[in-house]
Amino acid sequence: MSLPSAVEAVLASAPDAVDGGERSTTVAAGIPFSSLAWGDPSDRPLILIHGITASARIWWRIGPALAASGRHVVAPDLPGHGYTDHWAGHHRFRDNAADVAAWIRATGLDVPSVQVVGHSWGAMTSAALPVAGIRPATLVLLDPPAIPYALIAQMASDPSEVVYPHLDSAVSAISRLNQDWPPEDVRAKAEALTQLEVEAARSVVLENGDWDGGLADIADPAADDIPIWLVRGDPRSGGLVPDAALPGFAARIGADHIVTLGGAPHSPQRTHPEVLTAALLRILD
């Protein structure tokens, strides 16, 4: 698929030339949700939901690229992350989804045309949005971990996922551990790790048992008739949806709604933005 020229221009731009988004705060479920937005508010809404230990800034290039295709793109900082520094202890996926659903309603984004892309923990949360009463026109789960507790729990001690007190030390550590990441992605992750409420990350990682990729929640009758897609990274490159999990997804959403980004890791926003953007535009059109 060839990308629209406006989208290609964003993806090819230097980081300092990319629209950083408009930041706003909306109180919902007692939580002051901070979010970034790109594009014309009158365009079709698209919500991007980040994963554990990240923030809305992980979408720094994907957000404006998708907005350039004629969408109003909005990315919240989830509770305990980014500028939403109000962890309420809602580590269960459905509880977090209920809070996000309240934010969607409060921002006026609960409209029939809204589409949602959730990554990692954000995908697990997005999978539970129908149970919380939000029925997107399209729901995309981006590499939702489908791995046992023993593996997901390793994040609690991963040096690339822990809180750093100072931005300089975080940038140094993240750049050393992820030498294939562009500098702006290193900085976005480093910023997120200095903003992170450690209890939020630890409870999400350690108190949800095995992660099933959101299958149980998209199997709920509340999700019936919603077009759902799985976009996964390559398991050989760090993707967290193994081949063994695919039959379960195929039975629920159809094999034709499963996309594997060859060579891409768990977070393709950082290393494969063009490939991911093209895949999302094919799905969301």
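Under 10 Å, Cα contacts only: if you run a Gaussian network model on the chain, which one of Leu193, Leu11, Leu142 comes out with the highest mean-square fluctuation? With Cα springs under 10 Å in the chain, the top fluctuation among Leu193, Leu11, Leu142 is at Leu11. Using the 1.4 Å probe convention, the accessible area of the chain works out to 38 Å² per residue with neighbouring protein chains retained. Taking a ≥ b ≥ c as the square roots of the Cα gyration tensor eigenvalues, the range 235-285 comes out oblate, since a/c reaches at least 1.5 and a/b does not exceed b/c.
The simple Förster model, with R0 at 25 Å and r as the Cβ-Cβ distance, assigns Ala216 and Arg105 a FRET efficiency of 0.55. Most tightly packed first, judged by the mean number of other beta-carbon atoms within 10 Å of their residues, the peptides 115-122, 104-111 read 115-122, 104-111. A Cα-only calculation for the range 78-142 places Rg and Dmax at 11.2, 31 Å. Over the chain, DSSP H runs of length four or greater, each weighted -39,500 (n - 2.57), average out per residue to a 222 nm ellipticity of -9500 deg cm²/dmol. Couplings 3J(HN,Hα) for the range 183-199, derived from phi with the Karplus relation 6.51 cos²θ - 1.76 cosθ + 1.60 (θ = phi - 60°), are x, 5, 6, 4, 5, 4, 5, 4, 4, 4, 6, 7, 8, 5, 8, 4, 5 Hz, where x marks Gly and Pro. Dividing the convex hull volume of the alpha carbon atoms of the range 10-98 by its residue count gives 98 Å³ per residue. With a 1.4 Å probe rolled over the protein heavy atoms of all chains, the accessible area of His50, His86, His272, His166 falls in the order His166, His86, His272, His50, largest first.
Relative contact order for the range 67-152: 24 percent, from Cα pairs under 8 Å spaced at least 6 residues apart, divided by residue count. Per atom type, the chain shows carbon and sulfur on 53% of its accessible surface, probed at 1.4 Å.
Note on Glu197 and Val259: the extension gain reaches 19.0 nm, defined as 0.36 nm multiplied by sequence separation minus the Cα-Cα distance.
Computed extension gain for Gln154 through Ser175, at 0.36 nm per residue and net of the alpha carbon distance, reaches 5.5 nm. Our coupling estimate for the range 274-285, obtained by passing each phi through the Karplus curve with A = 6.51, B = -1.76, C = 1.60 and θ = phi - 60°, is 5, 5, 5, 4, 4, 5, 5, 5, 4, 6, 7, 5 Hz, Gly and Pro reported as x.
Our summary gives the range 105-209 a relative contact order of 23 percent, counting only alpha carbon pairs under 8 angstrom and 6 or more residues apart. When you restrict to C-alpha pairs under 8 Å that are six or more residues apart and normalise by the size of the chain, the relative contact order lands at 19 percent. The local environment of Ala219, defined by Cβ-Cβ distances under 10 Å, has a net charge of -3 under the rule Lys, Arg +1 and Asp, Glu -1.
When both bridge partners sit in the chain, DSSP labels roughly 35% of those beta bridges antiparallel. Of the whole protein surface, Asp224 contributes about 70 Å² of accessible area at a 1.4 Å probe radius. Tell me whether the chain comes out rounded, prolate or oblate; compute the Cα gyration tensor, take square roots of the eigenvalues as a ≥ b ≥ c, and use a/c under 1.5 as the rounded threshold. Because its axes are fairly even, with a/c under 1.5, the chain counts as rounded. For the range 218-249 and the range 194-213, write down the distance between their C-alpha centroids in whole Å. Taking the Cα centre of each part, the range 218-249 and the range 194-213 sit 20 Å apart. Per-residue Karplus couplings for the range 204-214, computed as 6.51 cos²θ - 1.76 cosθ + 1.60 with θ equal to phi - 60°, are listed in order as 5, 6, 9, 10, 10, x, 5, 9, 10, x, x Hz, Gly and Pro entered as x.
Under 5 Å between amide hydrogens, built in the peptide plane, is the criterion, and for His266 it picks out Gly239 among residues at least 5 positions away or on other chains.
The values are calculated or read from the model by the stated rules, or taken from the named source; none is laboratory data. Being a predicted model, the structure only gives us computed values, none of them experimental. Every residue, glycine as well, gets a Cβ built from its backbone with ideal geometry; the counts of neighbours run over all protein chains shown. Note: accessible area is taken over every heavy atom of the protein model, side chains too, but ligands, DNA and RNA are not part of it. Shrake-Rupley method; radii C 1.70, N 1.55, O 1.52, S 1.80 Å.
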